[in-house]
Structure formats: structure tokens, C-alpha cells
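The block underneath contains the structure these notes are about, expressed in C-alpha cells.
The values are calculated or read from the model by the stated rules, or taken from the named source; none is laboratory data. Because the structure is predicted, anything quoted here is derived from the model rather than measured. Positions of Cβ are backbone-derived with ideal geometry, glycine not excepted, and every protein chain shown enters the neighbour counts.
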Amino acid sequence: MLIKGLSVEGIGRFTKLTQVEGFSNGVNVLAAGNEAGKSTLFRAIRACLFFRHDSKGQEIRDLATENSQLPASVELSFEHSGRNYAIRKSFLRSPAAVLSENGSEIARSKQADEALWDLIGVGPGTGRTVDDGAFGVLWVGQGSSFTVPTPSPAASSTLNSAIESEVGALIGGERARKTVEDINAELRRSLTDTDRLRNDGPLYRATSELEQCREVEAQTKQKLSALEHQFIELAKLRDNHRELTNPTYSNQLAGELAQARADLEAGRIAVQEILRLEAEEKSARRALDVAIDRLRQHREVAARIDSSRRLGKNLSESLPEQIEREQHARFALEHTQQQLAEIELQLRSMSTDEHKLGKLLNAAVRSIAKGEHSRRLAALESAAAALIQLEAEIAQIAIEKKHVDYLNDYERKITSLEAQLSAVAAQLDIEVSPSGEGKVTIGKLQPKGIYSSPIVTPTKIQISDLAVVSVTPAPNAGLDERNAIQEKESSLLKLLKIGSPAEARALLSRRQELEATRASVLTELKTLGAPKDPTTSISEAKNALAEIDATVQAALHETGREQLPPIKDIETDKLALEQSRIKLEARRASLEQTRETQIVALGEARDRRTGTESQLLLVQKAIEDDVTRYPDSARLAQDALLVSEVAVAESSLQNAAIVLEARRSTAADRAEIERREARCQRLEQAIKNQNDELIALEREIGRISGQIQAAGGDGIGEQFNAAQEQCLLAARELERVSERIASLKLLRDTIVGCLIEGRDRYFEPVRRHLRPYLNDLFPGSELEIGDNFTIQGIRRDRSEAFNRLSDGTQEQIAVLVRLAMGSMLSERGQTVPIILDDALVYSDDDRIRHMFDALMRAGRSQQVIILTCRMRTFAPLGGNTLRLHTLETH
Amino acid sequence: MRFIHTADWQIGKVFKQFGAKEDSLRQARLLAIERIGELAKTHNAPHVLVAGDIYDSEAPNVVMLRAPIERMKQFKDIHWHLLPGNHDPHRPEGLWDRITELAPPPNIHLHLTSRPFSLDDNAFLLPSPLIRKNEYSDPTEWMNNAETPPSAIRIGLAHGGIVNFTNEGEAANLIDAARPAKAALDYLALGDWHRTCQIAPAVWYAGTPEPDRAGGQERGTALLIEIKGRGSPPLITPLTTGTYRWVTRDERLSDGAELADIDNRLRNEGDLPRLILRLRLDGMLPLFAHAEMQRRLVDLEAAVFHLEVDQTALTVRPTEADLESIDFDGVLRLSADRLKAMVEDSSQAAQLRKRAQSALVELYLRTAIQSTREAS
């Protein structure tokens, strides 16, 4: 089909007859600005070809010029199979359709609609329109160029027919997909989409079950191993027990111990005997020592007697001189003490005199202050009298400030209320003529001339005896309030026993004056050092004066004077007395030092004398004692006796030493005894260890026996066998489920592989036609085509999903696919023009040039009609230029 | 002298692969004791010799420990002679000490040491208990020197193998095959093999009274032994004691035509509710026949006590009709062709070929069977 001409009238903005001129083979471009009616023309062509002429659907109503009284008319002339046809349809008003071939009408009305469809190879669809077949794929309306072509059933059929005429049909694809879906559904019970284990799926359950079983098996195996170990351990323990309870071994050990104990006892007896002999030798040695000591002692006493006798003689000769020295020292001490006693008497007399002078000086000083005390006493007495007078006067005035405040308040309120009453009261105005003076009486008042007053209270006006006028004001709450306040005022004045508030204020002023005077008197008393009550201070001042007088009298009496001397004289006498006393005290100190020295010298002389006397007595006593024990006459005989005793003791000692040495040479030594002891201990310890080990062994046997019994009671053997079998079953089940999944995967993958291969083969014609166009824009790339011609992606250096590509690239690919489909259909003799309305809006300069190349390539085999508002951009496209031509008359 | 020879009761054995039916099998082992007791009474055999492995484990739980004792107690006139085997060796504080503590009645004899035991005035039992799981010296050797009266019948009782079947390393619990001659035994009652088996004229394995595994004896058996006197050959009479039959059948399949015949044969085994059937299938089957076989197996499983099918040696060989049932052409047919090629490709790993076979069967079930159902 080759469109050769188009004219419209009453269509959209084309109210007048308008022709599109310039159609030819190859690429045709209608470049016009926005709202030039390009899309309207596109829709008009669609309506003319695919809608019944009597259609009144929304699309047709939208196509017609708004409010036009003319029919919406479209006339399309085209070439098809070498013949020229023209179809003219009028819609909505006076609908009509005429199809002519080579200028001759061949069908009209409904027959024209259907004859046209037969001619271009489309069939009636549901409703009143027809399925537009290949046109639906190759005609791209405004805004539709971005979407991948999704052929309608009829369009798919057309494309499929074209493909199958080349490669045959793709059989069983739908069943295969259904089978794959079913398999995937089963696989999804066990696996996620990413082939991971799905929780609670059969494979997960089988895996978990096996893990659990293995865990139980391991646990029970461990217990069983422990039981086996316990059996082995128990057997070993029992062997040990038998060995330990072997009587041969026990008897041997006991025999060895008995022998060791006997040897040890023999050794110990020998040791005891040696100890006894050692004691005897020691005793003999002690006897020798005693004999030697007695001889030495005898000889020492003899020497001491001689020495004492010489010492006694020397002491007796020195004693008289020492007695004389002591007597001389005692006399010197007594003389010094006598001098000290005399000085002490003189000092006591001086002290008495100094005391008396002190008292006299004190009395003189105090008599000077007596005048000051008298003046203070007079001031105190005067102030006290004034204070008593003032307080008596203040007590006479009972009124206080608060009373005056109450009265002032009452007065202010009464004044205020009366002012309010006067303001609202009737005004009484009387003008009394001179002849009427004294004849008019208002209460007790007799007005003269002009009299004005408000009537606040009932008032009687008597006019001579002519008339009595009573004026009664209207009742008023203010009047009652004023009367109440006046009543309170009267009560208070009566209570205070005064006549008026003014009197109250005068009394209060007097009281305040008296209180001020009283305050100044109290200040004066404070200055005098008196409290509020000055009586005590007055009494104290009087006592002070009396005390001064007594002091003076006492001083005069003690010193025997008639009157007080001047203070200066007293002080001179006192100074002289002090100087004398100091001198005496110095003398006394010197004598006391001398006395101390003399006391020491006396003590030394006495000690020396008594020491000599004592020593002499002792020497005499010692001589007496020694001589008593060793008389001079027996001294030599005793010496000889003691020498012989020493010789006997030396002989006994030598004998004892010989016996001891002989015993030592035959007895076991200390080391041997220790060895025997160690052996006994070792054998005793061995027997104890054996017993301990036996006890421990029996305890261990009991413990392991208990464990074996417990394990047996738990049926651990059965548990292990059960766990092993469970494990085996779980492993088999896991293998079964795994193998089932592997088998299903293999089946699925095989089917999917076949499906892809079939689809690839099926879409090869499309791909073959697409390849040159793709190379124009995306050299070396390949499109991935899915079911129903959907574009799933593009393979360049890697596979990219179609929906991840940019908008511009998606649009370019979509247009290229349409061009390829058109090319394929054209090759199969189904030449359908490609119409692109406002396409390639997102293409950059480089891409759009390549797109122009692709469009020109398509234009070689079929008609391509481009409707665009971008005149400058599409200028490089070339091709035929279409023009709109509006005719003035139909 | 008349007695019953039995062994390998394996009380307490677990059968987890049977799921909820496990308890029936465990109870059947106890029931076999009662049957033996009844048979002993019926055949006037005052003694029952149990040649080891009375228990499956040397640590059974308290109930299972008592269960066989309680069964034996019911037969007060029968003397039960129990011998520890390799499953239940006698070890200190072990299973047999636990039983001793239970104070079993006098007619239950625990032979825990190797010494002659007088069965009656003219017969002696020479028991050889195992005191460990693996005994590397012949436990029956002592019998050679065991003293009994010259005219007394000597009956050996032991648990172990006569020959080392494993041939791997040092075998345990081996018994000299010449022991009857060396020890002048009139009969050697053995246990360990779960199959009734005569080793020599006077040497027998009794087998288990209730089978417990596939591939062993089909029926539970005990032996009635009668010995007229010292030196007389024993008279052996097998007695049936088991409840369940453990049957293993191997069937070869080629085109599925034999399925009905096999089905009939298996169902004619009799007493199906107490039949434990292991079916080993090999050969090749078309897909349609494979589906048919699966259906029949489901029916058979419902009929027997337990069915275990081993199909590892069975392969599918899709026919053209099978493949056309999947599709005449197109994606699914292509997929089926590829899987078939994978199954037939001997260069592929066995596991992958098996998996491809499963996938092909699955495809067939999902497409051909479904289509058939939809069509019907």
C-alpha cells in the first residue's frame, strides 16, 4: 500500500477542505508547527481505513470539527497491488462511503467499508471497528513511540504468519511454559527465587530433620561411648581391686613391717642403755668437779681471812679524823640558819607597812570620784520624778489613734453619702420677703431672704400660723446607710466619753505630745545608765557613795591618821619601803645558797664516817665467820683431806668413760635407728595407702556401676540404635527430596532451554530484518525478543534489560523494531506504510542522524511518513516534503 | 533328651523405617517367645536353649529388659537357658547383672560363666557366654576339658561364627568347626546367624524366631532337638515361630507386559498383611509401563504389611509412542528427546543419567498422563 493523497474537511481544525500534497515512495516528511493538525491527519487516515462510515463512537466524535454543521470527511487515495484506489468517507452527518478503483466507483456505503478491509487485508474485530492488523504495529501515534510495539492479536497473527512462512511455527510453547510454571510452583515450595532454601519447605524440613537426627545420634553415641568406656574402666578397676585384695601381697607387707618394727625396738633399747651410761659418766664428772671446787673454796677462804684482817686495821685508824670533820661542818650550818631567820622577820614587817599604804592610796583615789557619783544621783532622781508625772497624764487620756481613724472614716462616708443624697434630693428654694421674716420656720431655722437647701429628710415648713408645708423626699438607700454610720459614730463617741470627733482628734494630739516627752526622759535615763525603772540605779548610786565613805574611814583608822594625805606623799613612802625590801631579799637569797652548800658538805662528812664504821663492822663479822668455819688451827689438815678427795673422783670418772665407750661401739648408731624408723614408716604408709586406694577404688567402682546402671535403665543402647536408624531414614528422605528437586530442575532447565532455542529460531526473521537497523545505531548489538514480540533487552558487550535503558534509547529501539517489522512484512508482500507521528523527541544530535539513516533505509523498501513539529531538526532527514493546501471552496 | 534350640531373639530391636508399624514388629519378637514356650509344651521339651543375643542391645530400657522375662515366667515347667551373646555380652554391672537383680524365677537360668550345667540325670549343658562384644579366642575351647559323667549327653551352647565370612582383619567370636569332635559334644547349639543353618550333623544355627531384616530367613524358626543317648545323632525338626515373613523378590522387566503376571505372583505369596516384601526391579520399561508399574506398586503397598522397592537397576526406555504422548513436535517433544538422549548417553555420569530418567518420567506424567486424563 502506497498512500498517494489525503484530503480532509470538517476534521479537527480543518474546517475547510484541506489537501496533503507531495506523497511519494520512500520517506515523506510533514513538518509543521504545533497545532497544525498533524495528529488530526494521522487519526483521519486511521478512521478512514478502519472505521465504518456510520460509526458514531467517541473517537469519531472527537475527530470531527467542534460544532461543525458539515460532515467529517476524509478522502484517501492509495496504490495497492499496482492499482490506484480512493476511499472517501463522511462521518456523523450524512454518513457515506465510496470506494473507487482507478477512478471508477466499485463500492458504496457498508460494502465500501468491507471491500476496503478485504483489499488491505484486515478483518472485522469485536464491535463496529476492525482490527488494524499490521497497521497497528507500524503506525505510531503521538506519544506512543516510546513503547515497544505490542501487537494486537491480529497484528501478531500477521507477524506470525510472516515469520512462519519463513521458519515454521513454534509448537508447544504454551504447554511448555505451563509445564515450566507448574514445575517452578513445586520447586518454590522448597526453594526461593534465588535458589535458597525456603523455610518450612520440604527440602528445608528434610535438611533440618537430618541435622536434628544427627545431633541426637551424636548425643546418644557419645553416651554409648561413655557407657563402653565405663565398662572398660570398671573392668580395670575390678582388676586393680583383685590385685589390692590379694592376700599374698598383704601378708608379705605385714611381715616386712613386723621385722622392721623389731629391729627398731632393739636399736631403741641400746640407745636407752647408752643414755644411762652417759648419765653415769656425767655424774662421775660432776663428783670430780665438786671435789676440786671444795679444795679451791677452802684455799680461797684462808686467803680472805688474811686480807680482811689487814683491811680492818686500816679502817680503825682513819675513823677519828672523819668524826672531827663532820662536827666542824655542822657548826657552820647552824650559824647561817640564824642569819636567815633574822632577815625573814624584817621582811614580814615591811610587807605589813606596804599593805597599809596600799589601802590608804585606794581610799584617796576613790574619794576623788565621790562628787561625780553625787551629780549622777541627783540627775537620776529628777528624771524619775518627771517620768512618773508624764505617765500619770498619759494614763488620763483613753483615746487611741485607731479610734480617731474610725471617726475620720465615719465622717468621710457620711459626707460622701450626704453629697450623694443632696445631688438627687429635691431643692427647697424659699425667698422670704422682709415682711415675712420670722414667720417662716424650717425646723428650728427661720430663713431670711433667699434660702436654698436640698430636702434629704422629711422637712416641715411652717409659715406663721398660716400653713405647715411638709416635704417628704422619696425613700433612698443612701439615707439609711448614712443613718447607720451616724449611729456607729455616736456609739463610739459615747464609748470614749467625748462629744465630737474634733475633741477626739485634740485629745489624741495631746497624748502624742506627752508620749514624745516621755521618750526624751527615757533617753536621758538611758544616758545615765539607768533602765526604764530608775529606782534601782538611784539605789546603786547611793550605795556607791556610802561605800567610798566607809573605805576612807577604814584606811584612816588602820593608818592612825585623822585625814587622808595627798596621794603623792603616799606614793613616795611606798617606793622607799619597796627598795628596802628588795635589798633584804637579795641578802636572804645569798645566805640560802651558802646554807645549801653547807648542808651538802655536812652530809658527805657524815656519810664518809658512817661508811667507814659500817665497813669495819662487816670486815670484823666476815673474819669472825670465816674463822668459825675454818679455824686457823685446822687449816692445813683440811687442805690435805680435800686434795685426796679430788684424786678419788678422777679415778671414778675414768672407769665410767671406758664402760660407755665399750657399749657405744656395739650398739646401732643414730643413722641406723633413723633408717629403721623410716622403713617402718614406709611400710606403714604402704599399708595405709593400700587401704586408702582400696576405699577409693570401691568408691569409684560404685560410682561407675551407678552410671552403668543408670545408662542401662535409660535404654541408651536402644536409643542409639533408634537414632542411627532415624538418621539413616532422614538422610534417605533428604536424598529423595534433593534428588526430586534436582530432577525437577533438570526437567525445567531442559524445557526452558528448548523453549529459548525455539523462540530464538522463531524470531530469527525479525532479528535478521532488525540487524541492519540496529547496526545503524548500536553496532554489534542484538535484541533479546521475548514472547509476543516483547523486547526484553539488548545485548551489547553485556545484556541490559530494556526497561533499564534511557527513555531516548528505548524510543529509538522501539522505532527500529517497527521499521524491521515493516521491512519483514514488506518482504512478504504486505507493504504497509510506516507512519511516525512526532517520534524521536529524546534523541540527541548524533543518534537522530543515525535514526535518519535507518529511516532512509526503511524508505527503500516501503513508504515512511514522518509527522513532526521539529522542522529544523528533521531538515537533514531529506525525503519528500509534504505540504498542506487549504481550498476555499469544496 | 529333648529340647528346643533357639537364638537371636534381639529383643528391643528398633525398626524406624517402618514408622508407625514399628511397634508391631517389636511386639512380634516378644510374641515369638510365647510361641516357643507353647511349642516346648506341645513337644514335651522341658528345656529351651537360647544361644545368645537375647537382647538387641546391652542397655535396653527397663521395660524391654523385663519384657522377655515376663513372657518366660508364663511357662513355669519349661527351663529357659539364656546365654549372653555379642549383642548382650556379660559385663560387670551390665545387662545380666541387672537381670540378676530382678531375681528371675528358678526355671530361668542365666549362664554367665563357662561351666557344665546338669540339665537332667543324663545330660549336661556346656555354655560359653561372651563377656565382651568381640572375643578373639574361641569361647568354646574350655569344653574340651569340661568334665561330665562318661555316659552323659554333652550339649554345647555358644554364640559366634564358625568361619570368618568377612575376611577382613582378625575376626571375633570365631568357633572352631571341629569343636564337637574335640569336646565330644552330642550337639552344639549355635546362635549369631539369622538363618537356620546346619553346619555339621550335630552343629546347627537355629536362626531367629522372628526375622528382622531383608535377605535373611523368611520365616521365624526354632529347632526341636531330640537325642536318644550319648553318641546318638540328634534328630532335628524345624518349627515355625515367627509372625511376619520377610520376603525378597527380584523381578526383571522388559516391556511392561509382565507387570500383571508379577503382580499376581506377589499377591499369591499369601498372608499379605504380615508380609514384608522387598522387591528389587531391574531391566527397562517404556514410560507408559513405568507409570502403570507405579500404580500397581501403590496398590501392592496397600495390600502388604510393608513394601520396599529398589528401582536403582531399573531404567526407562521411552518408545516412540511414549514420546508422541508427550508431544508430536515442539518444545516439550524436544525436551523429551534431549532427556532421552541424556539417559542413553553412557558417557554421562550415572547419577545424571538417573536424574534425566526421573525428569523424563516426570515430564511424561505431567504431560502424557495429564493429556490422557483431560481427553477422558
Checklist outcome for this item: Of (1) surrounded by 18 or more Cβ atoms within 10 Å (Cβ to Cβ); (2) at pLDDT 85 or above, A:ALA154 fails just (2)
Item to check | All positions within the stretch A:657-680 that are assigned to a helix (DSSP H, G or I) and either under 30 Å from A:ALA287 (Cβ atoms) or within 14 Å of another protein chain (Cβ to nearest Cβ) (or both) | outcome: A:ALA657, A:ILE658, A:VAL659, A:LEU660, A:GLU661, A:ALA662, A:ARG663, A:ARG664, A:SER665, A:THR666, A:ARG670
Item to check | the stretch A:1-16, residues that are surrounded by fewer than 21 Cβ atoms within 10 Å (Cβ to Cβ), modelled with pLDDT under 90 and under 14 Å from A:HIS885 (Cα atoms) | outcome: A:ARG13, A:THR15, A:LYS16
Checklist entry - Which number in (1) more than 14 Å from chain A (Cβ to nearest Cβ); (2) part of a loop (DSSP other than H, G, I, E, B); (3) surrounded by fewer than 24 Cβ atoms within 10 Å (Cβ to Cβ) marks the one condition that B:GLU34 misses? => result (2)
Next on the checklist: Which of the helices (runs of 4 or more DSSP H) found entirely inside the stretch A:773-890 contain at least 1 residues meeting this: aromatic (Phe, Trp, Tyr)?
Outcome noted: A:845-859, A:871-874
Checklist entry - Of all residues in the stretch A:180-194 being touching a Lys or Arg at 6+ places or on another chain (Cβ under 6 Å) and within 19 Å of B:VAL331 (Cβ to Cβ), which is farthest from the other protein chains (Cβ to nearest Cβ)? => result A:VAL180
Next on the checklist: Looking at B:ASP88 and the list (1) surrounded by fewer than 23 Cβ atoms within 10 Å (Cβ to Cβ); (2) within 14 Å of chain A (Cβ to nearest Cβ), which single condition is not satisfied?
Outcome noted: (1)
Checklist entry - Does at least one position in the stretch A:194-212 carry a residue that is among the aromatic types (Phe, Trp, Tyr), farther than 30 Å from B:SER57 by Cβ and touching a residue at least 12 places away in the same chain (Cβ under 8 Å)? => result yes
Item to check | Identity of the residue in the stretch A:681-724, facing another protein chain (nearest Cβ under 8 Å) and among the aliphatic types (A, V, I, L, M), that ends up nearest to A:LEU257 (Cα to Cα) | outcome: A:ILE704
Checklist entry - How many residues does the stretch B:318-333 hold that are within 12 Å of chain A (Cβ to nearest Cβ), surrounded by 23 or more Cβ atoms within 10 Å (Cβ to Cβ) and not β-branched (Val, Ile, Thr)? => result 1
Item to check | Residue list for the stretch A:771-783, restricted to those being closer than 16 Å to A:MET824 by Cβ and at pLDDT below 85 | outcome: A:LEU783
Checklist entry - Can you name the residue in the stretch B:229-283 that is of a type in the set (D, E, K, R) and part of a loop (DSSP other than H, G, I, E, B) and, of all such residues, is surrounded by the fewest Cβ atoms within 10 Å (Cβ to Cβ)? => result B:ASP271
Item to check | Subset of the stretch B:51-81 [part of a loop (DSSP other than H, G, I, E, B) and within 14 Å of chain A (Cβ to nearest Cβ)] | outcome: B:ASP53, B:ILE54, B:ASP56, B:SER57, B:GLU58, B:ALA59, B:PRO60
Next on the checklist: I'd like the full set of residues that are closer than 17 Å to A:LEU479 by Cα and surrounded by fewer than 11 Cβ atoms within 10 Å (Cβ to Cβ), limited to the stretch A:420-446.
Outcome noted: A:ALA423, A:GLN427
Item to check | Single residue of B:HIS5, B:HIS109 found to be surrounded by fewer than 24 Cβ atoms within 10 Å (Cβ to Cβ), over 23 Å from A:GLN230 (Cα atoms), away from chain A (no Cβ under 14 Å) and touching a strand residue (DSSP E or B) at 6+ places or on another chain (Cβ under 6 Å) | outcome: B:HIS109
Next on the checklist: Checking the condition in a helix (DSSP H, G or I) and surrounded by 12 or more Cβ atoms within 10 Å (Cβ to Cβ), which residue from A:ARG348, A:ARG261 passes?
Outcome noted: A:ARG261
Next on the checklist: Could you check the stretch A:742-793 and list, in sequence order, the residues that are surrounded by fewer than 17 Cβ atoms within 10 Å (Cβ to Cβ), more than 29 Å from A:ARG196 (Cβ to Cβ) and within 14 Å of chain B (Cβ to nearest Cβ)?
Outcome noted: A:ASP760, A:ARG761
Checklist entry - Of the residues A:LEU253, A:LEU237, which single one is modelled with pLDDT under 90, within 14 Å of chain B (Cβ to nearest Cβ) and in a helix (DSSP H, G or I)? => result A:LEU237
Next on the checklist: Looking at the structure I just gave you, is B:VAL309 at the interface with another protein chain (Cβ under 9 Å from one of its Cβ atoms), surrounded by 14 or more Cβ atoms within 10 Å (Cβ to Cβ) and under 36 Å from the mean Cα position of the chain (by Cα)?
Outcome noted: no
Checklist entry - Between residues in the stretch A:347-363 that are closer than 19 Å to A:VAL552 by Cα and residues that are of a type outside the set (A, V, I, L, M, F, W, C), which pairs lie under 6 Å by C-beta distance while being six or more apart or on different chains? => result A:LYS356/A:GLU558; A:LYS356/A:THR559; A:LEU357/A:ASP573; A:LEU357/A:LYS574; A:LEU360/A:THR559; A:ALA363/A:THR551
Checklist entry - Can you tell me which residues in the stretch A:492-508 are outside any helix (DSSP H, G or I) and either on the phi < 0 side of the Ramachandran plot or among the small types (Gly, Ala, Ser) (or both)? => result A:ILE498, A:GLY499, A:SER500
Next on the checklist: Please go through the stretch B:171-188 and give me each residue that is among the small types (Gly, Ala, Ser) and either part of a helix (DSSP H, G or I) or buried (at least 18 other Cβ atoms within 10 Å of the Cβ) (or both), ordered by number.
Outcome noted: B:ALA181, B:ALA183
Checklist entry - What do you reckon, is B:ILE99 within 14 Å of chain A (Cβ to nearest Cβ) and in a loop (DSSP other than H, G, I, E, B)? => result no
Next on the checklist: So, A:VAL404, is that one over 30 Å from A:PRO565 (Cβ atoms) and part of a helix (DSSP H, G or I) or not?
Outcome noted: yes
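Yes or no, residue by residue, for (1) more than 60 Å from the chain's Cα centre (by Cα); (2) closer than 30 Å to A:TYR406 by Cβ; (3) surrounded by fewer than 16 Cβ atoms within 10 Å (Cβ to Cβ):
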{"position": "A:ILE463", "(1), (2), (3)": "yes, no, yes"}
{"position": "A:PRO475", "(1), (2), (3)": "yes, yes, yes"}
{"position": "A:GLU489", "(1), (2), (3)": "yes, yes, no"}
{"position": "A:LEU495", "(1), (2), (3)": "yes, yes, yes"}
Checklist entry - Among the residues of the stretch A:548-565, which ones are assigned to a helix (DSSP H, G or I) and loosely packed, with under 13 Cβ neighbours inside 10 Å? => result A:ALA550, A:GLN553, A:HIS557
Next on the checklist: Six or more apart or on different chains, Cβ atoms under 6 Å: show the pairs whose first residue is in the stretch A:609-638 and closer than 14 Å to A:SER307 by Cβ and whose second is assigned to a helix (DSSP H, G or I) and at pLDDT 90 or above.
Outcome noted: none
Checklist entry - Which ones in the stretch A:730-741 are within 9 Å of chain B (Cβ to nearest Cβ) and of a type outside the set (Lys, Arg)? => result A:GLU739
Item to check | The lone exception for A:SER109 - which of (1) modelled with pLDDT of 70 or more; (2) buried (at least 19 other Cβ atoms within 10 Å of the Cβ) it fails | outcome: (2)
